[in-house]
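Okay, structure first, notes after.
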Amino acid sequence: MNYTYSEIKHIPELLKKIEDYSFEFNKDKRYIFVGCGSSFNLSLTASFVLEKFGIKTKVLTGGKVMTFNYVPDADVGIFISRTGESTETVKAAEIFKEKGVYTIGITCEKETTLEKVCDETFVFDFLHEESIVMTGSFVSILHFLVKRYSIVEKASKILEESEKFIENLDLKKYNHFIFLGFDEEYGISKEGALKMQEMAKQFVEYHEPLEYRHGPVSRISEHSLVVINSKDTENEYMLKKDLEKYTKVILLGRNGDIDIEYDNGLETPLKMIFSQVLSFKKAIVEGLNPDRPEKLSKSVII
Ligand code: F1P
């Protein structure tokens, strides 16, 4: 079994472990999340959710902080890096520290460079992954940052339903994948697109749902597959009907193709499981090794 597949299948167990930990956000403090690649998409998603609960957050890529020595006013910098070694994120933490901002790291490896730089670090080494692509650790750290209740059982159910649903898809037919979502759902849509690019080398897009009609729809065909990470709005259900005249549209939402009710983004870790399984299965159908995508390393050292 590929590492990637077993790391996706272990998600319910990983969630059980991560639920023993919690991150106490303070409503009086200003937080800035910093990360690269999947860790940036995780930060973006968490930021949208936390804002709904009165937590003041901003999100930056490590590359922007490093390139422009850019540190907006903040009390705490949260640096997410699965490997703890991505140069841009590590440098960003150093720059924040020089500017007197308190720095917190979140990694899945022990004794990393990021841990040496940050004032404190959450080291979730039980989330260590062999695969170059971030899967179970993404879902677990996102849940860690936003959780309000346990999703362990739901995760097992969604994993099973996703596999059954995807088995019935003629994945060979599709070579263009579109992920749509508002706010935090946009964050996991951007990550879903990244998974399909990294694992299966497919042509992908991600947009706000209603923005898709304003131009990008011109590229849709029967070889396109649309995934809507829904907030259970009428407009999103109407968009599904509209786009079904061209191709297959999968809606993740209340009474959707995968039934995951919208709950202020607290359900986004569950929705992410579907896009991870879809990308993995497409990679296998294409005869690719999702553990070792070409031209990609586990952390970008520059
Ligand atoms: C960040 C990252 C990964 C991506 C690839 C390159 O790594 O962009 O998200 O999948 O492996 O590095 P990290 O800072 O989270 O370790």
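No value in this document is a laboratory result; all are computed from the given coordinates. Source: prediction; values computed, not measured. Positions of Cβ are generated from backbone atoms using ideal geometry, with glycine treated the same way; all protein chains shown enter the neighbour counts.
A few remarks follow.
- Among F179, F144, F53, residue whose mean-square fluctuation peaks in a GNM of the chain (springs only between Cα atoms under 10 Å): F53
- Each of K157 and L296 was given a label point 7 Å from its Cα along the Cα-to-Cβ line. The distance between the two points is 3.1 nm.
- Shape category assigned to the chain from the gyration tensor of Cα positions, a/c cut at 1.5: prolate
- Surface/4 of the Cα convex hull for the stretch 54-164, nm²: 8.4 nm²
- Neighbour count of at most 14 Cβ within 10 Å plus DSSP loop: longest GluC sites (Glu not before Pro)-free window in the chain: 131-221
- For the stretch 155-261: rounded, prolate or oblate by the Cα gyration tensor [a/c cutoff 1.5]: rounded
- The stretch 1-40-the stretch 176-209 distance, computed between alpha-carbon centres (Å): 19 Å
- Measuring between their Cα centroids, the stretch 131-145 and the stretch 232-264 lie 25 Å from each other.
- Positive dipole terminus of the chain, leading residue within S43, A93, L210 (C-beta point charges): L210
- Shape of the stretch 1-117 from the C-alpha gyration tensor: oblate (a/c of 1.5 or more and a/b not above b/c, with a ≥ b ≥ c the square roots of its eigenvalues).
- Assuming charge only on the beta carbon of Lys and Arg (+1) and of Asp and Glu (-1), the dipole of the stretch 157-294 about its Cα centre is about 560 debye to the nearest 20.
- Full extension of the chain between S221 and K99 gives 38.9 nm of extra length, using 0.36 nm per residue less the Cα-Cα distance.
- C-alpha long axis of helix 87-98 to longest principal axis of the chain, angle in °: 40 degrees
- Modelled FRET efficiency - R0 25 Å, F23 with N69, Cβ distances, 0.05 increments: 0.35
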